[in-house]
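Chemist: Next up is a structure, given as structure tokens.
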Amino acid sequence: MNKPLVTVYIPTKNRPELLQRAIQSTLRQDYQNLEIIVVDDGSTEECKKQIAEICQLSANIRLISNVQSAGACSARNQAISSAKGVFITGLDDDDEFLPGRISAFVDAWQQSTDISLLCTGYHFILPGGKQIKSGRRATRINCNSIKNINDVGNQVFTLTCYLQQIGGFDPALVACQDYDVWIRLICRFGPGIRLPNQSYVVHQEHDSPRISALHKRVEGHQALIKKHKSSLTKQQLKSQRFFCALYGGEPDILKLIRLSGVRNAIPLAKMLAVRLLSRRR
């Protein structure tokens, strides 16, 4: 079991050129015992052909092709339910892994006990080519802390059976589906650990929309708050309302400052810096 099978799931739709980069970054991993599941969620016929060709790059790639779009959550759940890996992790089709990401996860898991997930920091490439990194420090994330702030991000490495046992992603949420999963994983199976590296590259410099539409973020976060409200403390509820406004693009900086309080001053400063950099195209 030193080299257990790891499943990487990649949902995609009408973006074969971006998908190819994502798959290549997975194939370049120094960890080779991989199963890559690509879920084509209702692409056009021309894109379907291109995606099918890309998926012939390796015998490790398995393609699930939907005739009609079922949505990002359902696409991920299709991969999760059919995954054969002991471990599983996700990759958006417009992002990429840096070399060594999977092996670092496997090594860290084998050295840990009683955890639910592993994650890392992120390397963001912003419009205009500017780059920033987040999550440089190792962090232990427990049930209380994950309800205050999503210190995980948008991807994790975990046991496949854990994701299957909680039922995967919730299609009823139009956004924040990943955050909802991390809350359920950590509060059921134990704390998560963020490793001190930024081996996941988030590409925001392209014009193509990301797989989860940004205009639905506020609606989805509000639904997330409603779903977990009964288990949130007053402080956690205040934090959730702040992040709902922050990541929903609230333009009133004074309102954000009032909502943030001292506890969330650092996340507010970081997001405002990202906004400023994004405008300098």
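A short reminder: the numbers here are calculations on the coordinates, not readings from a lab. Nothing here was measured: the structure is a model prediction, and the numbers come from that model. So basically every Cβ, Gly included, is an ideal-geometry build from the backbone, and we count neighbours across all protein chains shown.
Chemist: Could you list 136, 217 so that the one with the fewest beta carbons within 10 Å of its beta carbon is first and the one with the most is last? Display every interim value, and only then the final one.
Modeler: Working: 136 11, 217 17.
By the 10 Å Cβ count, ascending, the order reads 136, 217.
Chemist: Also, quick follow-up: Within segment 166-272, what is the number of lysine pairs with alpha carbons under 17 Å apart, leaving out pairs fewer than eight places apart on the same chain?
Modeler: The result is 8.
Chemist: If you don't mind, there's one more thing I want to ask. Restricting the count to DSSP beta bridges whose residues both fall in the chain, what percent are antiparallel, rounded to a multiple of 5?
Modeler: Working: 13 of 37 bridges.
Taking every DSSP beta bridge with both residues in the chain, the antiparallel ones total about 35 percent.
Chemist: May I pose another question? Which ordering of 109, 182 is given by a fewest-first count of other beta-carbon atoms within 10 Å?
Modeler: With the fewest neighbours first, 109, 182 line up as 109, 182.
Chemist: Principal axes first, then extents: for the Cα atoms of segment 161-264, list largest minus smallest coordinate on each axis, whole Å, largest first.
Modeler: Principal extents (largest minus smallest coordinate, Cα): 44, 39, 33 Å.
Chemist: Work from the charge dipole of segment 6-207 (Cβ charges, +1 for Lys and Arg, -1 for Asp and Glu, about the Cα centre) and give the residue of 206, 74, 125 farthest towards its positive end.
Modeler: Of the options given, the answer is 125.
Chemist: If you don't mind, there's one more thing I want to ask. What value, in deg cm²/dmol to 500, does the helix sum -39500 (n - 2.57) over DSSP H runs of n ≥ 4 give at 222 nm once divided by the residues of the chain?
Modeler: Using -39500 (n - 2.57) per qualifying helix, the result is -12000 deg cm²/dmol.
Chemist: Can you give me the distance in nm between label points at residue 250 and residue 230, each placed 7 Å from the Cα along the Cα-to-Cβ direction?
Modeler: 2.7
Chemist: Turning to a different aspect of this structure: Treating cross-link reach as a plain straight distance, find the lysines whose alpha-carbon is under 20 Å from the alpha-carbon of residue 49, omitting any fewer than eight places away in the same chain.
Modeler: The qualifying lysines are 13.
Chemist: Now for a different question. Using a 10 Å cut-off around each Cβ, can you sort 254, 272 from fewest to most neighbouring Cβ atoms?
Modeler: Working: 254 7, 272 14.
Ordered from fewest to most neighbouring Cβ atoms within 10 Å, 254, 272 come out as 254, 272.
Chemist: Straight distance only, please: which lysines reach the Cα of residue 3 with their own Cα at less than 17 Å, same-chain residues fewer than 8 apart left out?
Modeler: 84
Chemist: Please give the charge dipole size of the chain, origin at the Cα centre, charges +1 on K and R Cβ atoms and -1 on D and E Cβ atoms. Round to the nearest 20 debye. Each step should come with its number before you reach the end.
Modeler: Numbers: 37 positive and 24 negative charges, 275 e Å.
It comes to approximately 1320 debye.
Chemist: Among the Cys residues of the chain, which have no other cysteine Cβ under 4.7 angstrom away?
Modeler: Lone cysteines by the Cβ rule: 47, 55, 73, 119, 161, 176, 244.
Chemist: Hey, if you put +1 on the Cβ of every Lys and Arg and -1 on every Asp and Glu Cβ in the chain, which of 111, 144, 65 ends up farthest toward the positive end of that dipole?
Modeler: Positive-end residue among those listed: 144.
Chemist: Another question, if that's okay. Using +1 at the Cβ of each Lys and Arg and -1 at the Cβ of each Asp and Glu in segment 222-266, identify which of 243, 266, 224 lies farthest towards the dipole's positive end.
Modeler: After comparing all options, I get 224.
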